[in-house]
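Structure, as structure tokens:
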Amino acid sequence: MLFEISDKAEKEISKYSDDYEIYLELEKVLQLDAQKNNLSFAKEEINMGIGIRVISEEKLGFAYSSDVSKIKDVAEKAYLNSKLNEPDENFCFADKTKLKTVKNIYDPEFENLDVEKASSFLESTIATCIEEGCEPTSGGFSASLENNLIINSNGVSAFNEYTDFSAFIAINAEKDGQKSTAYDSTSSCIFKIDGEKLAKETCQVAKDSIGGVSIETKDTEVILDYRGAVGLLSTFVNAFNADNVQRGRSILKDKINTSIISKNISIYDDGSLESGLNSSKSDDEGVGSGKTCLVEEGVLKSFIYDTYTAKKQNSDEESEDNIKSTSNGFRGSYAGTPSVSPSNIIFDFKEKVDISEIENGFIATDVLGAHTANPISGDFSVEANNAFLIENGEISKPVKKAMISGNIFQALSDCKGVKSEIKQYGPFLIPKIMFNNLRVVG
């Protein structure tokens, strides 16, 4: 169906320009939400739309519609919108590249999933929380299937199909009049998420967090659990965005082939990763997905680019390299235009430490306020959530209240991975991470 629509769209837009791009999207969504013990919301919906970009006299025009029967209007509006914009020699569309099949990002089980099966999954997750002696405050389950097709005048024809399944739970735990809360989520391209495991582990964190001790302010070894680490790493990864680099909003500008973090760490962006939550055959411009080395043993090797920022980099008189898109041009939906964004960010640690090796330290399951970190300098001050002391190689007492402060670039210059399962939260595939010298404020 998408190919038939794209044929009609090509005929319409080619009346106005020989330089165009058509993006078609078909999304099916099943979503359930629960408040306390009861399902409160359920929906099944199908969303479809078209976005057309056109370049005319170095001016970019864009238009979109959720009504694919209005292709003629969208094409005309895209062309007319180009007349209103300023020319930019760097506007371009992707060239044709090789597309590779990515394994385990589509699960046909989605077609057999209905509200009844989804409800059963969520009810079982909630029931497990109650069995564990906790009070669920909210929970949710969602499943989605997305098809998108990118066609352009350079011969690109990229069709992507992938699924996503996710669940979350938030709970309260109480003992002797004292309360604690915890939250966690899980996601997979394949319908293999374990709601009962999610519930048990979240309840355990909440129950272990009840009570707690006050601590003194000091510099110490700090382990950030997955969600805690992701909060700070988001600020760090923004510095690899070529658009931020070109606008002077990245501390990493002019630091290619320079050591920027611990030589213990290599970092990759891989949109072709098997089972990756953000994997696909191509990005949303039709550039074939691949693996980009961003950091090799602590040394900065590359930024992430879409087609626009790659061409802009090559237009720079000081640039000696022939930069190409790293297949990182993504859009929120057919209603938006592509911009630079990470796919699957892999943190590979050569050295890992076991918690049993730490005599005295601090571990935070999550942090609050990571969005307030300075996106350029990397300075941060966050509240530790579900935090604990580490004493004699064991996680011991819960901590009542604490802040963690530092600089994410400096912190990554002195850190190790923790021997733990590799998990993906958002774009990040990471173990738990130990930072050797962060300020913990009691």
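Nothing in this text is a laboratory measurement; each read-out follows from the coordinates by a stated rule. Computed from a prediction, not measured in an experiment: that's the story for all the values here. Glycine gets a Cβ as well: all are built from the backbone with ideal geometry, and neighbour counts include every protein chain shown.
Descriptive notes on the structure:
- Computed from point charges on the beta carbon alone (+1 for Lys and Arg, -1 for Asp and Glu), the dipole magnitude for the chain about its Cα centre is near 440 Debye.
- The chain, helix-only ellipticity at 222 nm - DSSP H runs n ≥ 4, -39,500 (n - 2.57), divided by all residues, nearest 500: -6000 deg cm²/dmol
- On Cα atoms only, tilt of 195-208 relative to the major axis of the chain in degrees: 40 degrees
- Using C-alpha pairs under 8 Å with a sequence gap of at least 6, the mean separation divided by the residue count of the chain gives a relative contact order of 16 percent.
- Using a cutoff of 8 angstrom between alpha carbon atoms and counting only pairs six or more residues apart, the relative contact order for segment 2-206 works out to 22 percent.
- Computed from the C-alpha gyration tensor, the three semi-axes of the ellipsoid equivalent to segment 212-442 are 34, 17, 16 Å, from longest to shortest.
- Folded to 0 to 90 degrees: helix 2-13 orientation relative to the chain principal axis, Cα: 50 degrees
- Charge dipole (debye, nearest 20) of segment 2-206; +1 at Cβ of Lys and Arg, -1 at Cβ of Asp and Glu: 160 debye
- Rounded to 0.05, the FRET efficiency of the I130 and E391 pair, given R0 = 30 Å and the Cβ-Cβ distance, is 0.40.
- Å³ per residue enclosed by the Cα convex hull of segment 2-206: 166 Å³
- Calculated FRET value between N314 and N85, using beta carbons and R₀ = 30 Å, to 0.05: 0.85
- For segment 212-442, the relative contact order is 29 percent, taking Cα pairs closer than 8 Å that sit 6 or more residues apart in sequence and dividing their mean separation by the residue count.
- Rounded to 5, percent antiparallel among DSSP beta bridges of the chain: 90 percent
- Averaging over all projection directions, the Cα-based convex hull of the chain occupies 22.2 nm² in the image plane.
- Residues I210 and D7, FRET efficiency given R0 of 45 Å [Cβ-Cβ distance, rounded to 0.05]: 0.15
- In this rough spin-label picture, where each label sits 7 Å from Cα along the Cβ direction, the Q178-L368 distance is 1.8 nm.
- Between K263 and D18, the modelled label-to-label distance comes to 5.4 nm, taking each label 7 Å out from Cα in the direction of the beta carbon.
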